[in-house]
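Okay, structure first, notes after.
The values are calculated or read from the model by the stated rules, or taken from the named source; none is laboratory data. The shown structure was predicted, so the numbers you read here are calculated from the model rather than taken from an experiment. For neighbour counting, all protein chains shown are included, and Cβ atoms are generated from backbone atoms with ideal geometry for every residue, glycine included.
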Amino acid sequence: MRKKVIAGNWKMYMDIAGAVNLITGIKAGLNKDSLNCDVVICPPAVNLETANELVKNSPIGLGAQNMYFEDQGAFTGEISAPMLKAVGCGYVILGHSERRTIFGEKDELINKKVIKALASGLTPIFCIGETLEERENGTTFSVVKTQITEGLKGVSADDITKVIVAYEPVWAIGTGKTASPEQAQEVHKYIRTMLSEMYGSDKADSVTIQYGGSVKPENAAELLGQPDIDGALVGGACLKADSFLAIIHAV
Ligand code: 13P
């Protein structure tokens, strides 16, 4: 059985005081006894150390939003996997569409980061997804196929089950326009079929595939009820304890 994973991508929101407030709220409202998913928060890097102190001895896992693939060196502005491990991270979001479009990250770079995360014992939350234009011109599957083949190049069959794939259609991110459960399920099923061709069906069946893009308390249960949707990567709705908790409790 795949475990569902609900992760909050805080993006570039929340100073330290806001982070303390939000994490305290999530902890207070988390119904630990009936929790049947993993919960992860991914605050901005400057908040990770504080966040780690607060999530210790709680079921909340900690993730970063990005990292570089070298351990150390003259890479101004970058953060390495060992640094993330040292502040208590277990997860790292890689290849988010905002990294791809705004910061020009390509599949090849994202692939190096995925390989490094796995080698360092971090769970990569590997993001893929098509733009509106790509969906409208009928290339969703081929776009996703390239992102998977290139982004997961060199990932072994043993390691693939340690990867979380996040399908985030770019047109659904921050727009309030959610993919319908059927639209999302169709692509999730395609992703699992691809993983099955690459790694065999046993492995593919064990990979967590999250949906992301305007997930809210109102649509979470229906999306999470689809057979191949194994969790959510939540943006806007994870910035308030109440709405993040409602999504978690919808599992
Ligand atoms: P929204 O939930 O704000 O659409 O953001 C989704 C996202 O990009 C999560 O990584």
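Observations on the structure shown:
- Counting the residues of the stretch 241-251 that are at pLDDT 95 or above and outside any helix (DSSP H, G or I) gives 0.
- Residue among 203, 177, 162, 153 that alone is farther than 26 Å from residue 120 by Cα and of a type in the set (Lys, Arg): 177
- Of the strands (runs of 3 or more DSSP E) lying entirely inside the stretch 129-240, those containing at least 1 residues that are modelled with pLDDT of 95 or more and more than 19 Å from residue 10 (Cα to Cα) span 208-212.
- Qualifying residue in the stretch 148-162 (condition: of a type in the set (Val, Ile, Thr), within 13 Å of the ligand (Cβ to nearest atom), closer than 19 Å to residue 209 by Cβ and out of contact with any Pro (no Cβ under 7 Å at 6 or more places or on another chain)): no
- Residue count for the stretch 98-112 satisfying the condition of being within 16 Å of the ligand (Cβ to nearest atom) and part of a helix (DSSP H, G or I): 6.
- Any hit, the stretch 210-220, residues being more than 16 Å from the ligand (Cβ to nearest atom) and of a type in the set (Lys, Arg): no
- Test: residue 108 is in contact (Cβ under 8 Å) with a residue 40 or more places away in the chain and surrounded by fewer than 23 Cβ atoms within 10 Å (Cβ to Cβ): yes
- When the stretch 113-139 is limited to residues that are under 23 Å from residue 183 (Cα atoms) and buried (at least 19 other Cβ atoms within 10 Å of the Cβ), the one that is farthest from the ligand (Cβ to nearest atom) turns out to be 135.
- When each of 227, 181 is tested for being more than 16 Å from the ligand (Cβ to nearest atom) and either within 27 Å of residue 35 (Cβ to Cβ) or of a type in the set (Ser, Thr, Tyr) (or both), the lone residue that passes is 227.
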